[in-house]
1. Given a 1.4 angstrom probe, I'd like the percentage of the accessible area of segment 382-440 that is carbon and sulfur, rounded to a whole number.
2. Residue 18: accessible area at probe 1.4 Å, nearest 10 Å²?
3. What does the charge dipole of the chain about its Cα centre add up to, to the nearest 20 debye, if the Cβ of each Lys and Arg holds +1 and the Cβ of each Asp and Glu holds -1?
4. Would you mind working out the magnitude of the charge dipole of segment 413-462 relative to its Cα centre, with +1 at each Lys and Arg C-beta and -1 at each Asp and Glu C-beta, to the nearest 20 Debye?
5. Any idea what Rg and Dmax come out to for segment 168-321 if you just take the C-alpha atoms, in Å?
6. Under 21 Å from the Cα of residue 263, which lysines turn up, not counting those fewer than eight places away in the same chain?
7. Within the set 159/186; 186/224; 264/419, which residue pairs have Cα atoms separated by over 20 Å?
8. So if we plug the beta-carbon distance of residue 54 and residue 340 into 1/(1 + (r/R0)^6) with R0 = 25 Å, what FRET efficiency do we get, rounded to 0.05?
Amino acid sequence: MLAQDASREEQLAEIQNHFAAAAEWLLSFSETNGFAIEASEIEIKLSHDKLILSAPTPRGWQNWIIQSWQKSGEKLIFQTARKLLSPAAALEFTPRMLIENLRTEVKAARLSKAAELAEIARKSFSVRAKIERVSLSQSNQRGKVGTIARILLKMPNGKSVAVCGSVVSKTDAANLLANSIFWFAKFSDRRSINELWLIAEDPCVEDLQKLCALLRNGWREKIKIYRISPNLNPNKAETSGENQILTLAENLDFTHLWKTKPKKLLAPKAFELSQTAQTIIELEPDAIDVVRSRKGETLRFHGLPFVRIREVLGTEQTWFGVNAREQRILNDASLPEFSELLDNLRAHRQFAAADKCHAFYQSAPESWLESMLRRDVSRLDPNLVLAPLYAQFCLSNKRGALDLLAVRADGQLVVIELKTTTDREHVFQAASYWRQIELHRRNGNFQSAKLFGNLPIADAPPLVYLVAPLMSFHRDFEILANTVTPQIEIWRFDLNEDWRSGIRVARRTKLADR
């Protein structure tokens with residue numbers, strides 16, 4: 001690379017030559033996870049002795065003044081300054097071909113892990129078993145590499161068994177079960193395969209046991225769960241190379257789920273909004289809501305967090321900014337920037353936004369949908385009580401929370417799980433939350449904590465409302481929904497595609513004949 005003190009014309013020519021070396025580049029900066037743009041869309045020019053870089057982004061076409069740049073491997077890295085209200089940023093351009101190479105490497109590594117799981121399974125069940133096939137699941141996200149190993153074992157008796165397990169360190173039970181059942185259902189139609197074995201490590205095994213207990217009897221009988229455990233026989237490990245073995249986990253039934261006693265629920269403490277929160281909400285009351293936690297208040301613009309109010313050493317502090325790395329303390333000096341942020345949110349985070357590719361429009365769509373339902377959940381079902389309504393209701397110390405917990409006027413609890421894009425594990429996530437809510441209901445925790453005031457909680461299991469825009473339910477939804485026990489009453493709500501303009505239920509279906 002030319003020295004940074006080379007003439008502007010020389011630097012301009014070299015940068016242009018670098019960009020011309022690849023047809024497509026991946027641009028990453030502070031507000032994005034990376035997106036592809038064509039080399040022809042990237043413009044480098046010299047203006048008033050300054051190098052100007054221009055490129056399309058999710059926030060529209062932007063311009064940056066290049067302060068310095070370097071070539072690191074195949075990447076081009078630019079340090080930029082503010083120009084024409086575009087943010088200062090460190091920009092990274094990676095040739096698209098390198099991304100494909102990285103995806104190939106990831107796929108090879110995960111296939112290797114899948115082959116390792118297949119070998120562990122083969123040796124654990126029978127040294128005479130044969131591995132017929134090893135592959136990976138298809139990801140929900142286009143271009144992503146699957147995370148679930150799909151294995152076919154041929155046992156000594158001639159029968160084949162389907163085996164699935166995760167090839168990544170963090171395993172989500174709903175994701176593993178959804179992918180496994182979908183593959184098994186499709187594959188068993190073409191071949192005589194009657195058993196599905198799931199292999200996992202703790203704590204995923206316990207989650208799988210509870211999820212499988214919520215399946216119909218026919219499905220529960222087909223599935224066996226195996227725990228990956230270290231081989232405690234050092235002699236065998238030394239002679240055969242087996243460092244891990246599989247042990248069969250208990251197959252729970254539906255009644256087993258109610259034998260444990262959960263911790264009591266605590267009614268949320270009443271609180272008053274801080275004066276700062278009240279003042280900011282009044283600026284756009286139809287768009288801004290507040291989420292309260294032990295740490296303080298978070299203000300959201302149509303579900304997108306942009307203000308955080310916390311007490312630090314006995315003093316209230318307020319930060320603003322959508323990106324955590326670019327948050328600033330709100331004070332007199334930063335007030336103009338806060339006003340600019342709010343104006344941008346008003347312009348871009350609304351249904352009628354001119355630029356639908358803007359980051360403010362595209363970000364956190366499920367939170368946007370949730371914020372609209374928090375204001376009037378009766379748009380979904382007129383029988384739902386408007387308040388209290390609990391958003392992101394935490395049921396355990398594990399990661400994840402129920403989107404919305406509501407109650408009908410007749411006292412029946414309702415588990416509401418929202419999606420705005422296709423998600424195969426939608427129904428199993430909701431079933432898992434249903435189990436936890438039902439366990440608390442059976443123990444009288446909602447009544448004793450008075451989470452819904454003096455309204456008596458009905459002596460009936462919760463309902464499950466699965467909500468998504470039209471065409472956004474996964475194509476495998478019906479297959480997976482039909483595996484869940486009919487003791488869980490599930491309703492499917494298809495919303496209008498333009499839900500940001502106002503929520504309307506286009507179709508409401510009770511999944512009764514499952």
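The values are calculated or read from the model by the stated rules, or taken from the named source; none is laboratory data. Computed from a prediction, not measured in an experiment: that's the story for all the values here. Reconstructed Cβ throughout: ideal geometry from the backbone, glycine too, with neighbour counts over all protein chains shown. Side chains are part of the model used for accessible areas, which takes the heavy atoms of the whole protein and leaves out ligands, DNA and RNA. Shrake-Rupley method; radii C 1.70, N 1.55, O 1.52, S 1.80 Å.
1. 49 percent
2. About 40 Å², rounded to the nearest 10.
3. On the way: 70 positive and 61 negative charges, 438 e Å.
That gives a dipole near 2100 debye.
4. Roughly 100 debye, rounded to the nearest 20.
5. Values for segment 168-321 (Cα only, Rg and Dmax): 24.8, 73 Å.
6. 210, 398, 450
7. Numbers: 159/186 18 Å; 186/224 18 Å; 264/419 29 Å.
Beyond 20 Å: 264/419.
8. 0.75
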